[in-house]
Amino acid sequence: MTPYRFETTGRNRRTLIALVVIWALILAAIALIDASPILMGLIALCTAPALYDLMSGRMSGLTLGTQGLAWFAGRRTGEIAWNKIDHIRLDTRLDFSVRASAMLTSGRKVRIPLEATPPADTFEQVLTERGVTVKRHHFSLLG
C-alpha cells in the first residue's frame with residue numbers, strides 16, 4: 001500500500017486572514033467605540049501564537065507508511081510501529097477541534113500533535129483503508 005503523507009505549514013492564507021480581521025476589529029473597537037487600549041492590547045496578545053506561526057512558517061505533518069505511523073511538528077517528532085498500535089482515538093473537543101491519540105497495545109496513550117493531524121474525516125478514512133481501528137469520541141471533557 002502506498003504511504004499517505006500529510007504536511008502543513010503555519011504560513012498560510014487562513015492564518016493571515018484571521019490575524020488581519022482580528023487586528024482590524026481591535027483597531028475599530030478602539031477608534032469607534034473608545035474601547036480600552038489596554039484591554040484591546042491583551043486581546044491582541046492572544047494572537048501572538050498565530051503571528052509566530054505565520055512568521056516562522058514552521059512545517060508539521062504525518063506519514064502513514066508500511067512500518068508505522070510517524071509525525072513531526074517543529075522540533076517534535078514521533079514514530080510508532082503498526083504492531084504496537086491497538087487503535088487510533090479521535091476526540092472532538094468543545095472547540096470542535098479533533099485530537100488524535102494512538103492507543104498502544106500496552107495501554108499507553110500517545111497524543112499526536114494537533115498541528116500534525118490531517119482533517120479528521122480524511123484521517124479516519126485513510127486509517128480505515130489500512131485496516132486500523134478508529135474510535136471516535138465526541139465532546140468528552142476528560143481523556
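No lab work stands behind these numbers, since they all come straight from the coordinates. Keep in mind the model is a prediction, meaning the values are calculated, not measured. A quick note on method: Cβ atoms are made from the backbone with ideal geometry, for glycine too, and the neighbour counts reach across all protein chains shown.
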Within the chain, longest stretch free of exposed chymotrypsin sites (Phe, Trp or Tyr not before Pro) [DSSP loop, at most 11 other beta carbons within 10 Å]: 1-95
Rg/Rg_globular for the chain, with Rg_globular taken as 2.2 N^0.38 Å and Rg from C-alpha atoms: 1.30
Calculated FRET value between VAL21 and ILE80, using beta carbons and R₀ = 35 Å, to 0.05: 0.35
Neighbour cut-off at most 14 other Cβ (10 Å), DSSP loop, trypsin sites (Lys or Arg not before Pro), the range 45-106: ARG75, ARG93
For the range 9-56, the spread of Cα positions along each principal axis, largest first, Å: 36, 16, 10
Translational diffusion of the range 28-87, µm² s⁻¹ [Kirkwood Rh, Cα pairs; Stokes-Einstein; 20 °C; 1.002 mPa s]: 141 µm²/s
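Over the range 9-56, what is the relative contact order in whole percent, taking alpha-carbon pairs under 8 Å and six or more residues apart?
After rounding, I find 64 percent.
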Rel. contact order, % - alpha carbon contacts under 8 angstrom, at least six apart, the chain: 23 percent
Radius of gyration and Dmax over the Cα atoms of the range 68-132, both given in Å: 11.5, 32
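Rounded to the nearest 0.05, what FRET efficiency is calculated for ILE30 and LEU114 with R0 set to 35 Å and r the Cβ-Cβ distance?
Values: r = 32 Å, r/R0 = 0.91.
The calculated FRET efficiency here is 0.65.
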Long-range amide H partners of LYS135 with built H, under 5 Å: ILE88, ARG89, LEU90
